[in-house]
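The values are calculated or read from the model by the stated rules, or taken from the named source; none is laboratory data. Since this is a predicted model, take the numbers as computed values, not measurements. Quick reminder, even Gly has a Cβ in these numbers, built from the backbone with ideal geometry, and neighbours come from all protein chains shown.
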Amino acid sequence: MDTTEHNLLLLADSALPKTVGSFSFSAGLESTFQHDQSGFNLDSFLRHSLKSVCCTTIPFIKAAFEYPETVSEIDDEFDAITTCIVSRRSSVTQGRALLTVWSKALFQISADEDINDSIKRFEASVRLGKCFGHHGIVWGLIGRGCGISLGVPLSNSNKLTGRDRILYVFVFSHARLVLSSAVRMGIIGPYQSQFILASPSIRGTIQKSLDEGKRLNRGDAGQSWPLLDIFTSRQELLYSRLFNS
Amino acid sequence: MPNTSPSSSRVSLNPGNGRIHCTRTSLSTLAYRYPLKLISPHSSLCYILSYGGGIVGGDSIEISVKVDKDATLTFLTQGTTKVFKPKASGLISKQIIYAEVNGTLLLLPDPIQPFKDSSYIQIQRFEVYGRMVLLDWVISGRYEEDWLLSSYISNNEIYKDGNLIIRDVLRLDSSVRESMGSFRCFANVIIFGFPEMEARCLQSYVNEKKVRKGTTLDKIWSVNQVRGCTVIKAAGKDTEMVKSILRRLLDELQLIGGRDCLRPLE
């Protein structure tokens, strides 16, 4: 294990979303389920949800990773494409918490002064209300801070670059978030959740969605599942709910 | 007729292009070239027409619009805009609108109707100093053809003083056949600069009945206020259901654009 692999484990660790508070969000699952219980299919929700998060967010994570010095503009542009208030709140809450985790704990893994400065400056702007601090943007930024080099394949591994791994972990975390929400809602049990996460088909889905998102420019990023925005918005209209999104 | 006025004949245009300049009292420019047709019954209303009621693969429509201060312009279509299957694969139909809005722009077309195997890209870019309402909607296809389109991209951008306010992009492909379920119509409305109407839209959304577990809805909608715009999204098992939601929310536009302007929602 080299340092970058260790750092990648930190980002993939389920302790991270716990600290960040991600588990109070279901990414639209709860509202979609409550609106259409009879027609609900978790497998199909997961697939469309992964595609949706990739088509909207991946180009921005990529941009934040590649151009940390312009992260404020990238953050504002992402905010402009996020027209669903509930998604926006969930993204900003997690992003800001992730910045806090960085400044309290993860900062020590980075030896790159430029990146550290970019993160510090961005965090200050977010605290001052000048920037939003969206989840994907912060993810790309701290992914870079983890010392994972841009475009160069990691040693002893396949052709995946460090950036690709950061993106993969983000999408994997999204799948885990949806599944853990499904467990808490009682749609599936914990073993089934692990079974789905371990299945070759979810790997295929993650990779396929990721590749699709990677092909997009920021200007082309958008919603692939229009109903999801409506369902997610209507989280606020649910009579009873477990999650904030 | 303004479309034969001397000023329009002087404008040279590429095929499928059109140009409109709406002043307080008239359309000082109204020019278009095949396969696009722009018909204006009076100075504040313009119909966007295409031959055969639709766009063929490879066709590219591009309209540039300028609305002066204190002027109001409503855009309508006559029936859905059909996107036909291309004669050769890989051909994409395109529709682009660029608008500078200093007055009021109401862009209220009928829905886009993408046929089986069609590919469509729509880009609408607005520089807004006045106010505008944009309706952008899509239905599942021809009768008994549900979401068999090959690709569909709709990209709406609103800028103010050079800053991006909203970019709402819809990217559909063959996966919508499953993800849309039995919903056959999806509409997106962006409202900018109508504070009172926007507040009423939000209020009527907030007042919606609370959703209880196990409800199954035939139509579903949301209203969000973001970055100074109001965004309404609505979906229904058929177009009529979406129309009924939007008619209720947008009713007062009649006071601005006249009775004609809500005809697409009738």
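Observations
- B:ILE112 being out of contact with any Lys or Arg (no Cβ under 6 Å at 6 or more places or on another chain), more than 21 Å from B:LEU135 (Cα to Cα) and among the β-branched types (Val, Ile, Thr): no
Yes/no matrix, rows are residues, columns are (1) charged (D, E, K, R); (2) within 14 Å of chain A (Cβ to nearest Cβ); (3) surrounded by 22 or more Cβ atoms within 10 Å (Cβ to Cβ); (4) in contact with a helix residue (DSSP H, G or I) (Cβ under 9 Å, 6 or more places away or on another chain):
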{"position": "B:GLY52", "(1), (2), (3), (4)": "no, no, no, no"}
{"position": "B:ASP70", "(1), (2), (3), (4)": "yes, no, no, no"}
{"position": "B:SER93", "(1), (2), (3), (4)": "no, no, yes, no"}
{"position": "B:TYR98", "(1), (2), (3), (4)": "no, no, no, no"}
{"position": "B:ASP110", "(1), (2), (3), (4)": "yes, no, no, yes"}
{"position": "B:PRO114", "(1), (2), (3), (4)": "no, yes, yes, no"}
{"position": "B:GLN122", "(1), (2), (3), (4)": "no, yes, yes, no"}
{"position": "B:ILE153", "(1), (2), (3), (4)": "no, yes, no, yes"}
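- Scanning the range B:92-114 for residues that are of a type in the set (Asp, Glu) and in a loop (DSSP other than H, G, I, E, B) gives a single hit, B:ASP110.
- Single match in A:ILE137, A:ILE81 (criterion: surrounded by 15 or more Cβ atoms within 10 Å (Cβ to Cβ), under 16 Å from A:LYS214 (Cα atoms) and at pLDDT 95 or above): A:ILE137
- Single match in A:ILE81, A:ILE58 (criterion: more than 10 Å from chain B (Cβ to nearest Cβ), among the aliphatic types (A, V, I, L, M) and touching a Lys or Arg at 6+ places or on another chain (Cβ under 8 Å)): A:ILE58
- Of the residues making up the range A:12-33, those that are under 24 Å from A:LEU228 (Cα atoms) and assigned to a helix (DSSP H, G or I) are A:PRO17, A:VAL20, A:SER22, A:PHE23, A:SER24, A:LEU29, A:GLU30, A:SER31, A:THR32, A:PHE33.
- Applying the condition of being touching an Asp or Glu at 6+ places or on another chain (Cβ under 9 Å) and part of a helix (DSSP H, G or I) to the range A:213-234 and asking which residue is nearest to the other protein chains (Cβ to nearest Cβ) yields A:ARG234.
- For the range B:115-138, the criterion of being within 18 Å of A:GLY222 (Cβ to Cβ) and not in a strand (DSSP E or B) is satisfied by no residue at all.
- Of the residues making up the range B:132-147, not a single one is free of Cβ contacts under 8 Å to residues at least 24 places away in the same chain and within 12 Å of chain A (Cβ to nearest Cβ).
- Residue within the range A:180-203 that is touching a Gly at 6+ places or on another chain (Cβ under 9 Å) and within 14 Å of chain B (Cβ to nearest Cβ) present: no
- Options A:SER91, A:SER52: the member that is at the interface with another protein chain (Cβ under 10 Å from one of its Cβ atoms), of a type in the set (Ser, Thr, Tyr) and surrounded by 19 or more Cβ atoms within 10 Å (Cβ to Cβ): A:SER52
- Flag if B:ASP168 is in contact with a Cys (Cβ under 8 Å, 6 or more places away or on another chain) and among the acidic types (Asp, Glu): no
- With respect to the conditions (1) closer than 26 Å to A:ALA221 by Cα; (2) touching a strand residue (DSSP E or B) at 6+ places or on another chain (Cβ under 7 Å); (3) of a type in the set (A, V, I, L, M), B:LEU148 lacks only one, and its number is (2).
- Filtered residue count, the range A:181-195, keeping only those that are surrounded by fewer than 19 Cβ atoms within 10 Å (Cβ to Cβ) and part of a helix (DSSP H, G or I): 7
- Among the conditions (1) more than 13 Å from chain A (Cβ to nearest Cβ); (2) touching a residue at least 12 places away in the same chain (Cβ under 8 Å); (3) of a type in the set (D, E, K, R), B:LYS160 misses just one, which is (1).
- Looking only at the range A:1-39, residues that are loosely packed, with under 15 Cβ neighbours inside 10 Å and within 14 Å of chain B (Cβ to nearest Cβ) come to 3 in all.
- Of the residues making up the range A:7-60, those that are without any contact (Cβ under 8 Å) to a residue 40 or more places away in the chain and within 20 Å of A:LEU106 (Cβ to Cβ) number 4.
- Taking (1) surrounded by fewer than 18 Cβ atoms within 10 Å (Cβ to Cβ); (2) touching a helix residue (DSSP H, G or I) at 6+ places or on another chain (Cβ under 8 Å); (3) at pLDDT 90 or above in turn, A:GLY129 satisfies each apart from (2).
- Filter pass, B:ARG212 being surrounded by fewer than 20 Cβ atoms within 10 Å (Cβ to Cβ), more than 8 Å from chain A (Cβ to nearest Cβ) and farther than 24 Å from B:LYS85 by Cβ: no
- Scan of the range B:228-253 for residues that are surrounded by fewer than 19 Cβ atoms within 10 Å (Cβ to Cβ) and within 13 Å of chain A (Cβ to nearest Cβ), ordered by number: B:GLY228, B:LYS237
- Looking only at the range B:172-197, and only at residues there that are more than 20 Å from A:SER44 (Cα to Cα) and surrounded by fewer than 21 Cβ atoms within 10 Å (Cβ to Cβ), the one that is farthest from the other protein chains (Cβ to nearest Cβ): B:GLU196
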